[in-house]
Amino acid sequence: MKAFFYRLISQLLVLSLAAVPFGTQAALVGTDQVVASTQTSTDREKVSNFVARADVQKQLQDFGLNADTAKERVNALTDDEARHLAGKIDTLPAGADNGWAWAAAVIVIAVIIWYVWK
């Protein structure tokens, strides 16, 4: 009885291995493909982190866009758009200096100097 089950199982295994085609394929992956894949995920993560900041979410709400919609839009970006936005995030000035502070400082200093020399 044991021999019958062993033969049956072995015949089923042989039949199943013969019936199932082996569809594996191996190929070399270039370094540029791996770097591009990693860079794309890094860029998308940078944009997601930027949108998740509280000050950015407040600004987006002022424009009429809630945080969930912004996250959905970041996820819908193409790779080129994510790379472009991540590059813009890297070039933004730190400290939110936009030039008006310098103009105001120059005007205040000019007014102080004018009153002193008067």
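Ranking of ARG73, ARG7 by neighbouring Cβ atoms within 10 Å, starting from the fewest: ARG7, ARG73.
Qualifying trypsin sites (Lys or Arg not before Pro) in the range 22-63, where qualification requires a DSSP coil assignment and no more than 12 other C-beta atoms within 10 Å, comprise ARG53. In summary, the helical segments of the chain meeting the span-like criteria, namely a full DSSP H run, a Cα extent along the axis of 20 angstrom or more and a mean Kyte-Doolittle hydropathy of at least 1.6, are 100-117. Among VAL20, VAL34, VAL56, the largest mean-square fluctuation in a Gaussian network model of the chain, built with springs joining Cα atoms closer than 10 Å, belongs to VAL20.
Which entry in (1) 60; (2) 11; (3) 38 matches percent of Cα pairs over 26 Å apart derived from the coordinates of this structure? Only one listed value fits the structure, namely (1). Among THR31, THR69, the ranking by other beta carbons within 10 Å of each residue's beta carbon, starting with the fewest, stands as THR31, THR69.
All of the numbers you see were taken from the coordinates with simple rules; none came from a lab. Predicted, not measured: the structure shown is a model, and the values here were computed from it. With ideal geometry, Cβ positions are generated from the backbone for all residues, glycine too; neighbour counts draw on all protein chains shown.
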